[in-house]
Structure formats: structure tokens, C-alpha cells
Amino acid sequence: MGVEVKNLSKEFNTAQGVHVAVKGVSFEVEEGSLSALLGPSGSGKSTVLRMIAGLETPDSGEVFLNGEAVCHLPPQKRGVGFVFQNYALFKHLKVSENISFGLKLKKVPAEEAQARVEELLVLFGLAGLGERYPHQLSGGQRQRVALARALAPKPKVLLLDEPFGAVDAKIREELRDWLRKLHEDIHVTSLMVTHDQEEALEICDKIVVMNQGLIEQVGKPEEIYNTPASEFVAHFVGSMNIVETKAKAKQVNVGPYRFETEKFDDIEKGDPVKLFFRPQDIYLSSNLKIYRSHGTIERVSFLGINMKVELKSEEGFRFFAIIPQYIFQREGFKEGQVVSYHIEEMSYLNLREGGEIKKFTVSNYL
Amino acid sequence: MLLKKTKGFKPLLITIVFVYLLWLLGLPLWTLIQEAYQEGWTKISQELFSLEVLRAFGLTLLLCLSAVVFNGIFGTALALVLVRQNFRGKSLIFGLLDLPFAISAVVVGYALILLFGHGGILAGMAEALGIRLVFSVPGMVIATLFVTFPFVVRELLPVLQELGEEQEQAAATLGASPRQIFFSVTLPNIKWPLLYGLSLSFARALGEFGAVLVVGAGIAGFTETATIFVFRALEERMYAGAYGASLLLILLSLILLISMEAVKKAKN
Ligand SMILES: Nc1ncnc2c1ncn2[C@@H]1O[C@H](COP(=O)(O)OP(=O)(O)OP(=O)(O)O)[C@@H](O)[C@H]1O
Ligand SMILES: [Mg+2]
């Protein structure tokens with residue numbers, strides 16, 4: 001196992017009192033994989049990452065790097081590369097000196113270090129920039145210098161804290177693809193912190209979703225997206241419609257959908273229930289006879305390749321659908337129009353029971 | 001904005017500034033040079049190279065250098081602790097930082113005498129260590145350190161705050177020991193403000209009069225600094241020596257000021 005974190009906890013003393021930032025977190029990162037710690041601001045992602053690097057001391061728990069317990073070691077002895085959100089480049093050193101910093105400390109012979117720096121400059125698209133100072137670089141270039149500096153001494157594990165947080169959207173996307181390709185080339189065990197779910201879904205092998213110092217779910221991107229384990233994950237990863245309703249006598253109604261309680265033996269009369277469905281799992285037609293349910297288009301907005309259509313069902317539920325541009329054109333949807341719709345897949349959570357979200361295909365239970 | 005609209009106001013303002021500075025700085029300096037000239041340069045240079053004056057300048061230099069060395073080490077350490085560590089009473093220390101600016105140097109000198117002098121709380125300690133602190137050079141060093149101590153700390157606090165810890169943490173993950181981190185990351189980032197703070201301490205030590213006079217009692221040839229010498233020379237009507245020493249002090253300050261301007265430019 002590349003990185004293994006067991007039961008890590010961390011409190012901070014603040015002016016407002018004790019703040020528990022991380023509450024007993026455990027997860028694993030496979031050797032050679034690229035994984036993500038995903039969560040909203042303040043969820044404790046950076047704190048976990050910093051504890052793995054030794055920049056923060058956990059109150060309890062243990063960290064293993066390649067199977068070895070490292071909590072008693074200072075950051076110098078852990079062999080991790082760390083990339084900071086704001087790069088943290090050495091301002092007084094040239095790009096090449098930044099990259100060779102770790103090599104010098106490892107007493108790599110000057111010639112070998114020089115060769116390694118040259119190699120990294122080329123690999124990271126920084127050829128010809130070795131003599132510049134950090135302030136003479138663009139944000140994207142700085143980010144790559146920070147990565148090159150962290151990777152130069154060949155660390156066991158690479159940790160990245162919001163690596164693309166400080167660059168604009170376009171560069172962000174480029175760097176993201178580039179990082180994935182780089183990872184495929186060098187295969188160093190990598191764990192990156194991000195609050196951008198798209199980034200995590202797109203380039204990571206595994207995602208650890210954190211919220212308020214706790215882990216909500218660990219899984220492959222598809223698992224996280226298709227079978228969110230909690231309401232938080234459902235809401236946080238990807239777009240999601242969430243509708244709250246109550247189980248009536250032996251059934252739950254959402255519009256014309258009726259869920260018989262025999263089929264859901266955990267639902268009883270009067271239970272508060274939340275239903276989840278993705279906007280792309282909704283089919284719309286301007287022909288009112290095509291689907292059973294009817295609703296009014298309240299608003300449409302342009303998303304580029306897709307259109308976002310906000311609807312209000314006959315029963316008064318509000319939700320939104322995302323449909324491909326060509327279908328939108330073909331059907332000729334307009335605001336104020338009454339359309340028919342069908343929801344392909346739904347998940348539900350019994351709020352009385354709590355626990356995991358359960359998934360079902362709606363058509364089975366009509 | 002308002003000033004720009006009023007025609008002729010700007011030249012008037014500049015004239016006022018010039019006249020003010022001339023009256024405040026230029027005239028005294030001019031009188032000094034004038035008087036020295038009347039005494040005759042040969043006599044003045046003779047006086048300047050007398051043992052008394054050399055000793056006085058030597059002592060002043062010693063005090064200046066101690067201020068630089070001690071503030072360089074302890075001022076930097078204190079600034080680092082204040083910015084990096086959280087502890088009870090931190091805000092109290094922040095409040096006390098400017099105390100040496102507010103308290104009269106004479107009071108400081110007097111307090112040191114009470115502390116280390118006959119029957120003082122710390123008199124025994126000084127005795128045990130075998131140092132005499134009252135009416136002696138070590139006591140004057142302490143007085144100088146007291147009056148100069150805010151400069152380095154005040155210069156470094158905002159810079160360290162702005163610098164943050166990330167560069168140092170990056171160095172740590174790359175394998176740098178705390179010592180290597182300090183010398184290869186922290187120090188290069190604070191060297192200009194540090195140097196500026198040190199020059200301010202040097203300048204203050206150069207001109208200090210009250211505190212060192214009270215603690216050292218200005219014994220000629222022993223605890224007499226350059227400024228104390230000027231004071232005594234004037235009292236005893238040794239004008240040539242007084243003018244010469246004053247001019248030399250001014251020259252030293254000027255050199256210091258010019259180099260400080262250069263440091264300030266490098267700092268920004
Ligand atoms: N040194 C500290 N002192 C006090 N509180 C801290 C400290 N570091 C973090 N915290 C608190 O711990 C919580 C978790 O912080 P952390 O930086 O790990 O969050 P994060 O998930 O990385 O958020 P972001 O996406 O904003 O970076 C936050 O509420 C934060 O205020
Ligand atoms: Mg963070």
C-alpha cells in the first residue's frame with residue numbers, strides 16, 4: 001500500500017475554542033495510483049495531507065508510507081514530495097536552483113543533479129526558463145516548477161494540496177490533463193487535495209470524499225458518482241435534484257411515481273423520505289402523450305453543448321433537467337411550455353432510518 | 001486634489017518645507033562648521049586624536065556593535081517566536097515592544113542602577129557572575145540594548161508575517177534540517193529588512209546619551225562615549241574637541257544614513 005492512514009484525528013485550539021478538524025479518518029491509497037481527497041472548504045483535507053507529510057502532528061492515529069509507520073518521523077525523513085496551493089517556491093532562487101534544492105540536500109553529485117534538472121525542465125515544459133526567478137513566471141509555469149521541485153529527489157509519495165487552485169479555468173484544465181499524463185509516465189503514488197469534483201472524477205483512480213472532518217465515502221469515480229453513499233456525496237459530487245417528501249399510506253409519491261412499501265421494506269407510513277435523481281436521467285418531450293408526468297418549463301439556460309431546463313411538476317415539485325442541445329432544438333422547448341417527462345433512475349434515503357442511499361430504477365415501480 | 005487646484009500653493013508649500021529644514025538642520029550644522037573653522041583645523045585634529053576622544057569613540061563603536069550583534073541574534077529570534085508561536089501573554093509582549101520608544105532613556109538608566117546597583121534585586125546575580133554592571137561598560141551595553149531593541153523586531157514582524165511558513169515547510173519536505181532551512185530559506189528572505197533594522201539600532205546607539213550617561217556616569221576615558229564627551233567638552237570649554245567630535249559624529253551618521261537609503265531601496 002502506498003499510503004495508509006489509520007484513525008487520524010486532529011484538533012486545533014482557536015480563539016473560539018477547540019475545533020476538531022479531523023475526526024478519526026482512515027483510508028488507503030494504492031501504490032502507483034493517483035487519488036484525490038475531495039471535500040468542501042474546511043472539511044479537513046489539507047490537515048490530513050499535512051499530517052501525512054509530517055507538517056502537522058496528529059492527536060491520534062497512524063500514517064504508513066509503503067507499509068512503514070512514519071508518525072514519529074519529521075517531514076525531512078518521510079520521503080514525500082509536497083506541492084503547496086500557492087506554490088511556495090523559493091523566491092530568492094532561480095527556477096533551476098528551486099528544482100535542485102532537494103538534490104543538493106541529498107548530496108547528489110553536481111553533474112548528476114544538473115542533468116536531472118535539465119531533464120525535469122524539459123519534461124515539465126520549462127525548457128529555457130531555468131535561469132528565471134519565480135516572479136518572472138506565469139501561474140501555470142510556477143505550478144509546474146513546484147511539481148518539478150517536489151519530484152526531483154524521487155519521493156516515495158507525492159502530495160498535492162489544491163495543485164490547480166490558483167490558476168484560471170482554462171490553464172487548470174490543461175494542467176489537469178498534463179498531470180494525468182505525467183502520472184502515467186512516472187507512476188509515483190500521488191494523493192491530491194481538491195474541492196473540485198470534476199477534477200477528481202476526471203483524473204483520479206480513487207476518490208476519498210470528506211466532509212466536516214469525516215470520510216463520507218471512498219471509491220472509484222464511477223462508484224462515487226453512480227452510487228453515492230450519503231446525501232452529502234449525492235449533493236456534492238455532480239449535479240443532483242433532491243426532493244423531500246413523505247411516505248403516505250404504504251407508499252411514497254413523487255408526482256405520479258408511487259413506491260410501494262412492500263418493495264421497500266424499510267419504509268413505513270409517515271416516514272420522511274428524500275429522493276435523488278440526476279438532471280441527465282430525465283427525459284423530456286413536447287408531446288404530452290409520450291411520458292406519463294407533466295410539468296411546466298420555468299426557465300431554460302444555455303450550457304454550451306447542453307441545455308439546462310428548470311421544471312415545475314404538476315404536483316408542485318421543482319427540479320432541473322440537462323438535455324443535449326440537439327434534442328432541445330428538435331423538440332423546440334420554450335419557457336412556459338407544458339411538457340411530459342420521465343425520470344429514469346432515482347435513489348432514496350429514508351430520513352427516519354438514516355443509513356445508505358438506495359438506488360432503484362423508476363420504471364420498475366410505476 | 002484640493003492642493004492641485006489652488007495655483008501657487010505648491011511652490012509656497014515647498015518653500016516652507018525648505019526654510020523649515022534649513023532652520024532646523026542646516027543652520028546648526030553651519031554654525032558648527034563655522035565655529036570649528038575658527039578654532040582652526042589643526043587644533044581640532046589634534047584634539048580628535050587625543051587618547052580621551054579616541055577612547056570615547058572606541059566605546060561608542062563598541063556599544064553600536066553590541067547593539068548590532070545582540071539585536072541581530074535576539075531580535076530575529078524574538079520576531080520569529082512572536083510570529084510563529086502561539087502562547088499566553090503574546091499580546092502583552094506585543095504591547096511592551098514599543099516601551100523603549102516611550103520611556104525616557106534616563107529613566108531606563110536609573111532603573112538599571114536600581115536593579116543592579118547596591119542593594120538592587122539583581123545585584124547579587126551580577127556579583128556572582130563577577131561582572132560589575134553599574135558605572136561600567138557592561139551596564140552601558142545593557143542600557144543600549146534596551147533602547148535599541150524594538151528596531152529589528154519591528155522591522156521583521158511584518159516581513160515574517162507576510163513570508164509565512166510554506167517556503168520553510170517546502171524546504172523541510174525536501175530534506176532540509178532546521179538549521180539549513182533558516183540559513184537557506186528564512187534568512188535570504190529577511191536579510192534586507194534585518195539589515196535595515198540593524199542600521200537603525202546602530203544609529204540609535206551612536207546617538208544615545210541619557211541612558212548610557214546615567215548607567216555609566218560618564219567617567220572620562222572609561223565610561224565616556226562620544227556624545228558624553230561632546231557634552232563634557234562643551235561644559236569644560238574645550239571647544240575644539242567638542243566641535244571636532246560633533247562633526248565626526250555627524251559624518252558617521254551621514255554615512256550610515258546614505259547606506260541605509262541604499263538598503264531601503266534593496267529591501268523594496
Ligand atoms: N493551524 C490551524 N489552527 C486553527 N485551525 C485550523 C488550523 N488549520 C486548519 N484549521 C481549521 O481546521 C479546519 C480544516 O481545515 P483544512 O485546512 O484542513 O480544510 P480544507 O478542507 O483543506 O479546506 P480548504 O478547501 O479551504 O483548504 C478548518 O475549519 C480550519 O479553520
Ligand atoms: Mg486546504
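Observations on the model:
- In this assembly, the A-B interface accounts for approximately 1600 Å² of buried accessible surface in total, computed with a 1.4 Å probe and without ligands, DNA or RNA.
- Taken over the Cα atoms of region B:30-128, the convex hull encloses 206 Å³ per residue.
- Proportion of all alpha-carbon pairs of chain A beyond 29 Å (%): 53 percent
- The residues packed around A:VAL29, meaning those with a beta-carbon under 12 Å from its beta-carbon, carry a net charge of -3 if Lys and Arg are +1 and Asp and Glu are -1.
- Scattering profile of region A:132-233 at q = 0.16, 0.19, 0.22 Å⁻¹ [log10 I(q)/I(0), Debye over alpha-carbon scatterers]: -0.77, -1.02, -1.25
- Prolate/oblate/rounded label for region A:64-209 (Cα gyration tensor, a/c 1.5): oblate
- Going by accessible surface with a 1.4 Å probe and the largest first, A:HIS135, A:HIS342 read A:HIS135, A:HIS342.
- Ordering B:ALA56, B:ILE103, B:PRO150 by the projection of their Cα atoms onto the charge dipole of region B:39-267, which places +1 on the Cβ of Lys and Arg and -1 on the Cβ of Asp and Glu, puts B:PRO150 at the extreme positive end.
- Of B:LEU129, B:ALA170, A:THR296, farthest towards positive along the dipole that unit charges on Lys, Arg, Asp, Glu beta carbons give the protein assembly as shown: B:LEU129
- Pairwise FRET efficiency - A:SER239 versus B:LEU187, Cβ, R0 = 45 Å, nearest 0.05: 0.35
- The protein assembly as shown: projected area of the alpha-carbon convex hull, averaged over directions, in nm²: 45.6 nm²
- Candidate lysines for bridging to A:LYS91, where Cα separation is under 16 Å - those fewer than 8 sequence places away on the same chain excluded: B:LYS191, B:LYS267
- This model, with +1 at the C-beta of Lys and Arg and -1 at the C-beta of Asp and Glu, gives the protein assembly as shown a dipole about its Cα centre of some 1360 debye.
- Peptide-level mean, for A:82-91, of C-beta atoms on other protein chains within 10 Å: 5
- Once the C-beta distance of A:LYS106 and A:ASP205 is scaled by a Förster radius of 30 Å, the resulting FRET efficiency is 0.55 to the nearest 0.05.
- Separation between Cα centres of region A:53-69 and region B:76-117, rounded to whole Å: 40 Å
- Charge tally for B:TYR196 (other residues, Cβ to Cβ under 12 Å; Lys, Arg +1; Asp, Glu -1): +3.
- Cα-based shape type of region B:184-244, given that a ≥ b ≥ c are square roots of the gyration tensor eigenvalues and the cut on a/c is 1.5: prolate
- Computed over the alpha-carbon atoms, region B:39-267 gives an Rg to Rh ratio of 1.05, Rh here being the Kirkwood radius from the mean inverse distance.
- Within the listed set B:PHE222, B:PHE182, B:PHE18, the Gaussian network model of chain B (springs between alpha-carbon atoms below 10 Å) gives the highest mean-square fluctuation for B:PHE18.
- Using a cut-off of 23 Å between Cα atoms, the listed pairs A:LYS104/A:LYS206; A:LYS104/B:LYS264; A:LYS45/A:LYS358; A:LYS10/A:LYS359; A:LYS246/A:LYS312 include A:LYS104/A:LYS206; A:LYS104/B:LYS264; A:LYS45/A:LYS358; A:LYS10/A:LYS359 as exceeding that distance.
- Under Stokes-Einstein, with the Kirkwood radius over Cα pairs as Rh, the value for region B:226-268 at 10 °C and 1.306 mPa s is 137 µm²/s.
- In the elastic network of chain A, a GNM with C-alpha springs shorter than 10 Å, the most mobile of A:PHE317, A:PHE232, A:PHE302 is A:PHE302.
The values are calculated or read from the model by the stated rules, or taken from the named source; none is laboratory data. Just so it is clear, the structure is predicted and the values come from calculations on it, not from any experiment. All Cβ positions, glycine included, derive from the backbone under ideal geometry; neighbour counts span all protein chains shown. Surface areas here come from the heavy atoms of the whole protein model, side chains and all, with no ligands, DNA or RNA. Shrake-Rupley method; radii C 1.70, N 1.55, O 1.52, S 1.80 Å.
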